[in-house]
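Chemist: My questions all concern the structure below.
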Amino acid sequence: MARTLINVPASAKRGEVIEIKTLIQHPMETGFRPGANGRILARDIITKFACTYNGEEVFAAELFPATAANPFLAFTTVASESGTFRFTWTGDNGFKQTETATISVT
Amino acid sequence: MRRLACLLLLLPAAALADERRSGSTYMSAETQAMQKDDTANPGMLWVQDGAALWSRKPAADKKACADCHGDAAASMKGVAARYPAFDAEQGRPVDLATRINLCREKHQQAAPFAAESESLLGLSAWLGLQSRGLPISPDPDPRSEPFREAGRRLYEQRMGQLNFACAQCHDDNAGKRLAGSVIPQAHPTGYPIYRLEWQGMGSLQRRLRNCMTGVRAEPFAYGAPEMVELELFLMSRAAGMTVETPGVRP
């Protein structure tokens, strides 16, 4: 399991715009770099990130080989109701990781 | 008032007009913000690794670091701010990475971690975090003094095909630019650091090796006595400055 850092405010007012920040440990190997033996290292990147809020997708991103290692993504959404954010990263070699965070909206 | 007077007496004269600056103060606002926010600082990923290793037994019948040292927040507070420190058994000062590996070998009967391995960087970052916010307090053991002096000589000595001394860049030209980068004052405040250029974590010694290859010198090996001497000198030069580990650098 890759390590992640996720920042979702614990609480917010209904209608408030909140910022969400995520960071995941991943080499994002481009597929263009030679390794120590001179051979090209196989591509190993995260290709997609998605965030759902109580089941509804509120943000998604496609990632490409030019993205640096340990990709950091920050985005905003509107706090509408208490519930759960679900973050999913998918990528090469069957990479798939899901993390969750909860928010209480008053 | 009395307390203040005592405090002032304790400060060395130079500290009153301290012109020392941590490398982080030269960074862009964005990079500074990244370092300050524990949910945006990639170094915290290694800290998590270190925290997990701290309480994991290397084998079922062996002790975890935590089994001997307990809560790192208490037992390891201020430790990283004091290293390299004199080790009587080795008869010389050892850096923090070597100290960790000595415990691996002596107290856990496990193989030492390789230099710059994710595990060693993780544990170093985890220990460093326990000193974050504390002043750098170099090893007071008088037996470290000759090694520190050797470090000072290395710092002032020209090296490499380009024939530069550390001091020529970091004392004489600090704050100016070398190509695109600002030359910092070379204070080891944030190590190990997450360097954006490396897209990963690295120790102070990796940073020093970068500077040595930069002047086309053959860099000292990881853990070499010269490296420890340089670290000792840099730590005393930065005495009193605040530990920022895990730092972020461009």
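Chemist: Please determine, by comparing only the residues of region A:23-41 that are surrounded by 16 or more Cβ atoms within 10 Å (Cβ to Cβ) and at the interface with chain B (Cβ under 9 Å from one of its Cβ atoms), which one is farthest from residue A:73 (Cα to Cα). Write out each step before concluding.
Modeler: Step one: filter region A:23-41 for residues surrounded by 16 or more Cβ atoms within 10 Å (Cβ to Cβ), giving A:23-26, A:28-30.
With the extra rule that they be at the interface with chain B (Cβ under 9 Å from one of its Cβ atoms), the set shrinks to A:23-25, A:28.
Numbers: A:23: 6, A:24: 9, A:25: 12, A:28: 14 Å.
Filtering region A:23-41 for residues that are surrounded by 16 or more Cβ atoms within 10 Å (Cβ to Cβ) and at the interface with chain B (Cβ under 9 Å from one of its Cβ atoms), the one farthest from residue A:73 (Cα to Cα) comes out as A:28.
Chemist: Then there is this: State whether one or more residues within region B:67-75 are polar (S, T, N, Q) and part of a helix (DSSP H, G or I). Working first, answer last.
Modeler: In the first step, residues of region B:67-75 are kept if they are polar (S, T, N, Q); the result is B:75.
Of the ones still in play, those that are also part of a helix (DSSP H, G or I) are B:75.
Yes, region B:67-75 has at least one match.
Chemist: For region A:63-85, name all the residues that are more than 12 Å from chain B (Cβ to nearest Cβ), of a type in the set (A, V, I, L, M, F, W, C) and open to solvent by less than 60 Å² (accessible area, probe 1.4 Å).
Modeler: A:63, A:75, A:79, A:85
Chemist: Tell me yes or no: at least one residue of region A:88-101 is open to solvent by 40 Å² or more (accessible area, probe 1.4 Å), modelled with pLDDT of 95 or more and within 14 Å of another protein chain (Cβ to nearest Cβ).
Modeler: Yes: one or more hits.
Chemist: If I filter region A:6-22 for residues that are open to solvent by 30 Å² or more (accessible area, probe 1.4 Å), within 14 Å of chain B (Cβ to nearest Cβ), part of a loop (DSSP other than H, G, I, E, B) and over 21 Å from residue B:198 (Cβ atoms), do I get at least one hit? Break it down stepwise before answering.
Modeler: Going through region A:6-22, the residues open to solvent by 30 Å² or more (accessible area, probe 1.4 Å) turn out to be A:6-7, A:9-11, A:13-17, A:19, A:21.
Okay, now just the ones that are also within 14 Å of chain B (Cβ to nearest Cβ), so A:6-7, A:9-10, A:19, A:21.
When the remaining residues are screened for being part of a loop (DSSP other than H, G, I, E, B), the result is A:9-10.
From what is left, the residues that are over 21 Å from residue B:198 (Cβ atoms) are A:9-10.
Yes, region A:6-22 contains a residue that is open to solvent by 30 Å² or more (accessible area, probe 1.4 Å), within 14 Å of chain B (Cβ to nearest Cβ), part of a loop (DSSP other than H, G, I, E, B) and over 21 Å from residue B:198 (Cβ atoms).
Chemist: Continuing with the same structure: Does region B:208-219 contain at least one residue that is buried (at least 19 other Cβ atoms within 10 Å of the Cβ), within 23 Å of residue B:41 (Cβ to Cβ) and touching a residue at least 12 places away in the same chain (Cβ under 8 Å)?
Modeler: Yes: one or more hits.
Chemist: Here's another thing I want to ask about it. Only one of A:52, A:47 is assigned to a strand (DSSP E or B), more than 14 Å from every other protein chain (Cβ to nearest Cβ) and farther than 15 Å from residue A:99 by Cβ. Can you tell me which?
Modeler: On the way: A:52 fails: farther than 15 Å from residue A:99 by Cβ.
The match here is A:47.
Chemist: Okay, moving on. Would you be able to tell me the number of residues in region B:39-98 that are polar (S, T, N, Q) and within 30 Å of residue A:22 (Cβ to Cβ)? Spell out how you get there, then give the answer.
Modeler: Looking only at region B:39-98, we keep the residues that are polar (S, T, N, Q), and these are B:39, B:41, B:48, B:55, B:75, B:90, B:98.
Still in the running and within 30 Å of residue A:22 (Cβ to Cβ): B:39, B:41, B:48, B:55.
Here the count works out to 4.
Chemist: Out of the residues in region B:21-59 that are within 18 Å of the chain's Cα centre (by Cα), part of a loop (DSSP other than H, G, I, E, B) and away from chain A (no Cβ under 14 Å), which is surrounded by the most Cβ atoms within 10 Å (Cβ to Cβ)?
Modeler: Looking at residues that are within 18 Å of the chain's Cα centre (by Cα), part of a loop (DSSP other than H, G, I, E, B) and away from chain A (no Cβ under 14 Å), I get B:22.
Chemist: If the Cβ limit is 6 Å and pairs must be 6+ apart or interchain, which residue in region A:51-75 that is free of Cβ contacts under 8 Å to residues at least 40 places away in the same chain pairs with which residue that is surrounded by 12 or more Cβ atoms within 10 Å (Cβ to Cβ) and assigned to a loop (DSSP other than H, G, I, E, B)?
Modeler: Pairs that qualify, where the first residue is free of Cβ contacts under 8 Å to residues at least 40 places away in the same chain and the partner is surrounded by 12 or more Cβ atoms within 10 Å (Cβ to Cβ) and assigned to a loop (DSSP other than H, G, I, E, B), are A:65/A:30; A:65/A:31; A:65/A:45; A:67/A:28.
The values are calculated or read from the model by the stated rules, or taken from the named source; none is laboratory data. Bear in mind the structure is a predicted one, so any value in this text is a computation, not a measurement. Here Cβ is always computed from backbone atoms with ideal geometry, including for glycine, and neighbour counts include all displayed protein chains. Quick note on the areas: whole protein, heavy atoms, side chains included, nothing else; ligands and nucleic acids left out. Shrake-Rupley method; radii C 1.70, N 1.55, O 1.52, S 1.80 Å.
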